[in-house]
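Have a look at the structure below before the remarks.
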Amino acid sequence: MSEESKPINLGQLIDPGNHKYELSVSNEAPEDAVARRTAEAADAELKRKITFSLFCFALLIVGVVFAGCIYTFATGEAEDKKWASGIVSAITSGLVGFLVGQGKK
């Protein structure tokens, strides 16, 4: 047999005490991975800040409406008290529903 056609014995090529092998499959460089994770963290932080700001704004608006309805309910006439009590009960039931939903998580 010629030198090119001889089978290769892999056992002879590998010396078990001197080599350490690692298989890694990645389609991005480590620098790109760090940049991607940094960008994702910044995006997540921005999303959390926007969500919190919207929550605070909505809470403020609902609080103002609730306080206005309570004031109208306390000082208004009978017709005003009807719609004020409906809004107050809707806000209260929504809050209770939200809190019950949070308790199930």
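The values are calculated or read from the model by the stated rules, or taken from the named source; none is laboratory data. The structure presented is a predicted model; accordingly, all values stated were derived computationally and were not measured. Heads up, the Cβs are rebuilt from the backbone with ideal geometry, glycines too, and the neighbour counts pull from every protein chain shown.
The sole residue among ALA41, ALA90, ALA74 that is part of a helix (DSSP H, G or I), loosely packed, with under 10 Cβ neighbours inside 10 Å and at pLDDT 70 or above is ALA74. Looking only at residues in the stretch 1-38 that are surrounded by 10 or more Cβ atoms within 10 Å (Cβ to Cβ) and in a loop (DSSP other than H, G, I, E, B), the one that is modelled with the highest pLDDT is GLU28. Restricting LEU99, LEU54 to those that are exposed (fewer than 11 other Cβ atoms within 10 Å of the Cβ), modelled with pLDDT of 90 or more and assigned to a helix (DSSP H, G or I) reduces the list to LEU54.
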